[in-house]
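Okay, so here's the structure we're looking at.
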Amino acid sequence: MRIDKLPPIRTTLRDSDHPYLTGAWTPLHEEVTAHDLPVLEGAVPADLDGVYLRNTENQIHQPLGRYHPFDGDAMIHQLDFRRGQVSYRNRYVRTRCLAAEQEAGGSLWGGLMDPPGTSLRAGFGAHGSLKDSSSTDITLHAGVALSTFYQCGEAYRLDPETLDTLGIADWAPLEGVSAHPKVDSATGELMFFNYSKHAPYMHYGVVDRNGRLTSYTPIPLPGPRLPHDMAITARHSILNDLPAFWDRDLLAQNVHAVRMHDLPSRFGVIPRHGSAEQLRWFEAAPTYVLHFLNAYEREHEIVMDGYFQENPTPRPRKDAASSYAHMMAYLDEHSFRSRLHRWRFDLRTGRTREEPLDDRILEFGMINQQYTGVPNRYVYSSKAKPGWFLFVGFVKHDLQTGRSWEIELGANRYASEAPFAPRVGARDEDDGYLVSFVTDENTGTSECILIDAKRFADGPVCRIGLPHKICSGTHAHWAARPFRS
């Protein structure tokens with residue numbers, strides 16, 4: 001393996017026993033470019049041409065208060081496949097906040113769990129006191145990668161091949177851009193939302209395939225909310241107003257504590273280029289949804305799949321240290337109990353029908369992104385380790401037949417979110433691979449695995465060694481060449 005290292009970044013982080021600064025979540029501070037990666041098993045497919053991008057939280061400086069993994073600085077890891085050849089690189093997203101803390105030589109902002117007044121400077125996002133680390137999501141639009149922050153940040157552009165930070169998206173509004181914008185591969189448009197503590201509390205926007213903001217619409221809500229994702233069809237976007245959000249009385253004291261309110265879930269269906277007057281709200285069972293999979297129109301209905309939480313505000317975990325017990329519960333799929341779910345919105349009657357699709361605890365799912373907004377047959381979900389934000393396996397669902405297949409990675413091996421990568425010249429929806437990074441705590445190493453989606457239960461068909469152990473993180477994306485959407 002040939003490795004080129006970048007000059008080291010300045011770090012002040014000290015060793016600790018924090019559960020999300022150790023083990024599979026140990027921050028990585030070196031940036032490298034690596035060629036001639038070792039193939040540990042199988043062969044690199046000659047029918048893949050694109051990049052796998054994965055966003056991770058890698059805290060650089062000693063936290064001012066109590067660290068939460070969502071506070072960490074964004075690092076993008078990339079594996080570049082070129083018809084049988086593969087290379088690796090990782091780079092920090094050079095956000096304005098990262099630059100400021102490098103100049104200061106330490107942390108300037110408190111984190112998600114810290115009390116008011118912890119931050120040394122004014123913060124960003126809906127919370128208002130956080131660092132915009134851009135460490136949540138990664139996607140590709142108008143030929144560039146786009147990293148975004150869950151609390152609404154500035155939206156940073158990166159070169160998908162070199163991972164050079166290209167600056168803030170010039171179309172991003174002052175209110176910021178939430179994680180999970182959606183790209184329609186048919187039109188090249190990107191749909192996004194943001195949210196805040198100020199009326200109208202949400203906005204919805206559309207950016208064309210050339211990176212030009214074509215609409216930006218206020219979405220009035222009854223008060224501050226905490227949406228995390230959205231869905232699109234070929235003609236509509238689906239926003240949400242869910243009953244898990246900040247406690248109003250505590251928020252008046254600048255305390256950001258989430259509780260479940262006695263309200264239904266509401267899903268707002270708006271024409272893609274529509275106005276707030278055209279928005280239609282559909283009520284459904286109370287829940288919180290971290291991630292949606294897809295939505296599409298079928299006759300008079302909109303069908304939407306995602307992950308329904310049975311217990312959105314879980315009690316602190318009794319098996320965790322008291323200082324981490326609340327955090328550990330909210331990061332644990334087995335505490336908030338997320339399951340594959342379907343909603344149907346009847347555009348004639350305004351009624352909602354919904355049903356569970358699986359009784360297993362699942363989340364962080366993927367589809368073939370070429371089917372975004374149109375009917376899809378296959379879903380690839382992640383399985384989590386009980387008590388932890390760590391992925392231990394995957395489940396493939398055939399939504400047409402109801403069949404499913406499951407694989408596990410083995411003891412102390414933890415995966416990344418696994419997007420679907422179509423083969424070059426793919427003939428149908430599942431003709432391709434799932435791509436994921438895996439960190440092996442048994443050996444202290446990381447690798448990339450490829451799973452043939454048509455032979456899913458067989459497990460990885462290729463394993464590629466990485467030059468260092470990477471930190472666990474949040475979202476990933478597959479971008480096929482040519483990158484222009």
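FYI, it's all coordinate maths here, none of it is from the lab. No experiment lies behind these values; they were computed from the predicted model shown. When we count neighbours, we look across all protein chains shown, and the Cβ atoms used for this are built from the backbone with ideal geometry, even at glycine.
Rounded to the nearest 20 debye, what is the charge dipole size of region 2-480 about its Cα centre when +1 sits on each Lys and Arg Cβ and -1 on each Asp and Glu Cβ?
The dipole of region 2-480 has a size of about 400 debye.
Please report the relative contact order for region 107-218, taking Cα pairs under 8 Å with a sequence separation of at least 6, and give it as a percent rounded to a whole number.
Once divided by the residue count of region 107-218, the mean separation gives 17 percent.
Please identify every one of the trypsin sites (Lys or Arg not before Pro) in region 408-482 that sits in a loop by DSSP and has no more than 11 other beta carbons within 10 Å of its own beta carbon.
When the trypsin sites (Lys or Arg not before Pro) of region 408-482 are filtered for loop state and at most 11 Cβ neighbours within 10 Å, ARG427 remain.
For a label point 7 Å from the Cα of ASN210 along Cα→C-beta, name the residues of region 119-159 whose backbone N is under 18 Å from it.
Those under the cut-off are 141-144.
Tell me what the chain gives for mean residue ellipticity at 222 nm when only DSSP H runs of n ≥ 4 count, each as -39,500 (n - 2.57), the sum divided by the residue total, rounded to 500 deg cm²/dmol.
Calculated mean residue ellipticity at 222 nm is -1000 deg cm²/dmol.
Filter the cross-link list LYS396/LYS454; LYS396/LYS469; LYS182/LYS396; LYS318/LYS385 down to pairs whose alpha-carbon distance in this structure exceeds 19 Å.
Violating the 19 Å Cα-Cα cut-off are LYS396/LYS469; LYS182/LYS396.
Would you pull out the residues with amide H under 5 Å of HIS236's amide H, same chain only if 5 or more places away, H placed 1.01 Å from N?
The answer is ARG272.
In percent, how large is the relative contact order of the chain, given Cα pairs closer than 8 Å and 6 or more residues apart?
Rounded, it is 14 percent for the chain.
If I compute mean projected area of the Cα convex hull in nm² from the structure I just sent, which labelled value in [x] 27.1; [y] 20.9; [z] 30.7 lines up?
[y]
Work out, step by step, the length gained on full extension between VAL255 and ALA46: first 0.36 nm times the residue separation, then minus their alpha carbon distance; give nm to one decimal.
Length gained, VAL255 through ALA46: 69.9 nm.
Counting other C-beta atoms within 10 Å, and keeping those with at most 15, which DSSP coil trypsin sites (Lys or Arg not before Pro) do you find in region 239-327?
Working: sites: ARG248, ARG259, ARG266, ARG272, ARG280, ARG298, ARG317, LYS318; in loops: ARG272, ARG317, LYS318.
Of the trypsin sites (Lys or Arg not before Pro), the ones in loops of region 239-327 whose Cβ has at most 15 other Cβ atoms within 10 Å are LYS318.
Identify all aspartates and glutamates with a Cα-Cα distance to LYS131 below 14 Å; exclude those on the same chain that are fewer than 8 residues away in sequence.
GLU57, ASP71, ASP73, GLU101, ASP114, GLU154
Between Rg and the Kirkwood Rh of region 271-386, both from Cα atoms, what is the Rg to Rh ratio?
That ratio equals 1.05.
Could you please state, rounded to a whole Å, how far the C-alpha centre of region 366-432 is from the C-alpha centre of region 73-141?
With region 366-432 and region 73-141 each reduced to a Cα centre, they are spaced 27 Å.
Quick one: putting +1 on the C-beta of Lys and Arg, -1 on the C-beta of Asp and Glu, what dipole do you get for region 36-130 around its Cα centre, in Debye to the nearest 20?
Values: 9 positive and 11 negative charges, 48 e Å.
My answer is approximately 220 debye.
Given contacts defined as C-alpha pairs under 8 Å and at least six residues apart, what's the relative contact order of region 73-125, whole-number percent?
Averaging sequence separation for qualifying contacts and normalising by length gives 23 percent for region 73-125.
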